[in-house]
1. Residue check, residue 254 against (1) surrounded by fewer than 14 Cβ atoms within 10 Å (Cβ to Cβ); (2) modelled with pLDDT of 90 or more, all met but one. Which one?
2. Any idea how many residues of the range 136-184 are farther than 16 Å from residue 316 by Cβ, in contact (Cβ under 8 Å) with a residue 60 or more places away in the chain and crowded, with 19+ Cβ neighbours inside 10 Å?
3. Quick check on the range 264-286. Is at least one of its residues touching a strand residue (DSSP E or B) at 6+ places or on another chain (Cβ under 7 Å) and closer than 20 Å to residue 52 by Cα?
4. Between 258, 251, which is over 30 Å from residue 185 (Cβ atoms), in contact (Cβ under 8 Å) with a residue 40 or more places away in the chain and in contact with a helix residue (DSSP H, G or I) (Cβ under 9 Å, 6 or more places away or on another chain)?
5. Go through (1) surrounded by fewer than 18 Cβ atoms within 10 Å (Cβ to Cβ); (2) touching a residue at least 40 places away in the same chain (Cβ under 8 Å); (3) on the phi < 0 side of the Ramachandran plot for residue 276 and report which single condition fails.
6. Answer yes or no as to whether residue 74 is assigned to a helix (DSSP H, G or I), modelled with pLDDT under 65 and more than 25 Å from residue 253 (Cα to Cα).
7. Looking only at the range 257-275, which residues are more than 20 Å from residue 162 (Cα to Cα) and either modelled with pLDDT under 85 or part of a loop (DSSP other than H, G, I, E, B) (or both)?
8. It is to be established whether one or more residues within the range 283-302 are surrounded by fewer than 13 Cβ atoms within 10 Å (Cβ to Cβ) and over 26 Å from residue 58 (Cβ atoms).
């Protein structure tokens, strides 16, 4: 698309007259032809990437199931001659069934993750204002609260989300002025480099219920880092023996996110792998697509009853 864009601009710069003026106005307008071309290209690329990731998930699932079936068949034949062969066979079939179900769940989760954040209207990733929608009653309730009470509820939400993800609680929430030297102001961010990691939120944004998207969005970034750490966890030899014997699980196996997805997150989060600008490249990153979808789902699901529940747990009274 860079060549297409350059060709369009070369055409406009090297020609003159009423026709080229009209063409230039269209190509440079708010809904410019160049923008439409780039949008189409971005949509096609996003769909292609999603299809490829989904296909990989399916192939991996099929391969795992085939290996499980072959291994089970060989095991059953080997133990069939033993006195307790029937019991061993039954136990192996149960293990195989569990393994097949796990492979299926991983494949489904990977396919869902592949298409998460892709707009099926254009194929583009969601725009910067696509944070989700909240009920009017939720907005009214939030507006009636003081910043102090809002801060307590935000802390409760962050802790509950982190607890669901298996992360440490309470979450280290810091609320203050996040204005950057260049004048830009983020609603919030997740800082993995502090001990403990920090969820930072812009204090003036507390009055806007859409900040709750940011809370869920940034906690999801914390979960992404948490999963990468669990994936790379190296058990000691005793713990590894317990894992191999099925007495306990490896920490990564406690989560229902495919390894391939976490590997993409890890690559994205590695030094030099994360892009902050421009918006389209930032928004298309695996960790941002996933976090944006999580924030949107959280805000869409936030009902009046659920907000009251958070408030009650936080010790806040809502009339």
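The values are calculated or read from the model by the stated rules, or taken from the named source; none is laboratory data. Remember, predicted model here, so these are calculated numbers, not experimental data. Note: ideal-geometry Cβ built from the backbone for every residue, glycine included; neighbour counts use all protein chains shown.
1. Exception for residue 254: condition (2).
2. Number satisfying all stated conditions: 2.
3. Within the range 264-286, one or more residues are touching a strand residue (DSSP E or B) at 6+ places or on another chain (Cβ under 7 Å) and closer than 20 Å to residue 52 by Cα.
4. 258
5. (2)
6. no
7. 270, 271, 272, 273, 274, 275
8. yes
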